[in-house]
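Below you'll find the structure, written out as structure tokens, and then a few comments.
A short reminder: the numbers here are calculations on the coordinates, not readings from a lab. Everything numeric here is computed off the predicted structure, so don't read it as measured data. All Cβ positions, even for glycine, are placed from backbone atoms using ideal geometry, and neighbour counts span all protein chains on display.
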């Protein structure tokens with residue numbers, strides 16, 4: 001759980017932007033809700049010095065001081081690179097400097113690395129990916145500092161089958177997300193069914209960062225987005241302006257009952273139970289033996305949807321709580337019917 005600079009700031013990221021994000025996360029309730037990482041994406045890199053050590057650019061004059069500042073807020077900090085000569089935005093990559101860069105990140109006090117394939121395609125074959133990612137995974141391990149390793153190569157070569165083996169803690173299952181409803185549908189619903197067996201504690205499928213609070217997403221769309229990512233046990237990396245968001249958007253990001261579904265200690269990724277027209281029903285087993293159930297309406301008219309308890313494996317009767325309304329709905333026999341708003345979700349705890 002954390003924040004990444006790319007979705008909103010892209011190459012406008014700076015030391016000041018990162019510090020402001022840390023200030024906001026530490027004070028607006030996000031830290032208390034479990035958010036921990038402040039991650040710098042692309043565009044921080046400057047040139048290498050005479051010994052080949054990577055430096056920050058003029059917007060990042062002192063990476064160690066920035067890391068210390070974020071840590072002083074009780075948070076952790078992440079950084080970004082590529083196994084290629086250049087990053088996606090054309091900055092200095094880690095090609096032929098993997099061990100050296102890993103040592104720099106550790107010396108600066110970084111806790112997370114997002115490693116983005118980008119120009120690596122110019123110097124490696126696609127089939128080289130496991131070995132190339134393992135090289136950096138081993139380099140991070142060799143530093144002796146615990147550093148989360150995020151594999152960003154867009155789900156190519158079925159990364160979920162080898163990502164953990166090369167040291168990955170999370171790996172992208174798809175291309176890049178955008179701040180629109182269609183992108184959320186494409187990345188969330190189309191790319192992740194069937195991948196649940198590859199996820200678990202310490203190694204997670206990553207459908208990309210959150211766009212909650214970005215673009216023109218409505219409250220229903222933000223809730224749908226956040227609910228699906230939570231059922232997927234996905235990383236929750238906010239990408240909006242933490243210093244200037246509405247109470248409505250903050251309420252989505254720090255809903256403790258929904259976060260608890262994502263962060264459930266059993267670590268099971270939810271699965272699609274069934275799909276019919278615009279309706280998707282997803283189920284996630286939880287550590288206490290209960291189930292989280294998401295009923296999604298991807299279409300326009302509000303739709304009543306009935307779920308059968310025998311289908312979700314909770315017996316003939318169940319108690320149900322609505323996690324967005326924070327309301328116990330009561331005890332039901334055999335089934336439950338919900339009215340699901342257009343572009344929205346009803347997220348339930350079923351016990």
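Brief remarks on what is shown
- Based on DSSP H segments of at least four residues, each scored -39500 (n - 2.57), the chain has a per-residue ellipticity at 222 nm of -7000 deg cm²/dmol.
- Mean separation of Cα contacts under 8 Å (6+ apart) over length of the stretch 271-350, as relative contact order %: 32
- Relative contact order of the chain, defined on C-alpha pairs under 8 angstrom at six or more residues apart (%): 12
- GNM top mover of 317, 174, 127 - the chain, alpha-carbon springs below 10 Å: 127
- Each of 306, 143, 87 was scored by other Cβ atoms within 10 Å of its Cβ. Listed from fewest to most, they are 306, 143, 87.
- Contour minus Cα-Cα distance for residue 48 and residue 274 (0.36 nm per residue): 76.1 nm
- Antiparallel bridge percentage (DSSP; both residues within the chain; nearest 5): 65
- Cα gyration tensor shape for the stretch 1-65, rounded if a/c is under 1.5, else prolate or oblate: prolate
- Here 320, 254 are placed in order of increasing Cβ neighbour count within 10 Å, fewest first, which gives 254, 320.
- Comparing 66, 224, 210 in a Gaussian network model of the chain, where Cα atoms under 10 Å apart are tied by springs, the biggest mean-square fluctuation is seen for 66.
- Each 10 Å bin from zero holds the following percent of Cα-Cα pairs in the stretch 271-350: 19, 57, 23, 1.
- Taking other Cβ atoms within 10 Å as a rough exposure proxy, 326, 225 sort from fewest to most as 326, 225.
- Highest-fluctuation residue, 61, 247, 304 considered, GNM on the chain with Cα pairs under 10 Å: 247
- Judged by the gyration tensor of its Cα atoms, with axes a ≥ b ≥ c, the stretch 293-333 is oblate; a/c meets the 1.5 cut and b/c is at least as large as a/b.
- Taking the longest Cα principal axis of the chain as reference, the axis of helix 15-27 is set at about 40 degrees.
- Shape category assigned to the stretch 243-316 from the gyration tensor of Cα positions, a/c cut at 1.5: oblate
- For the stretch 1-104, share of DSSP beta bridges that run antiparallel, in % to the nearest 5: 35
- Linear extension gain, residue 36 paired with residue 310, 0.36 nm per residue minus alpha-carbon span: 94.8 nm
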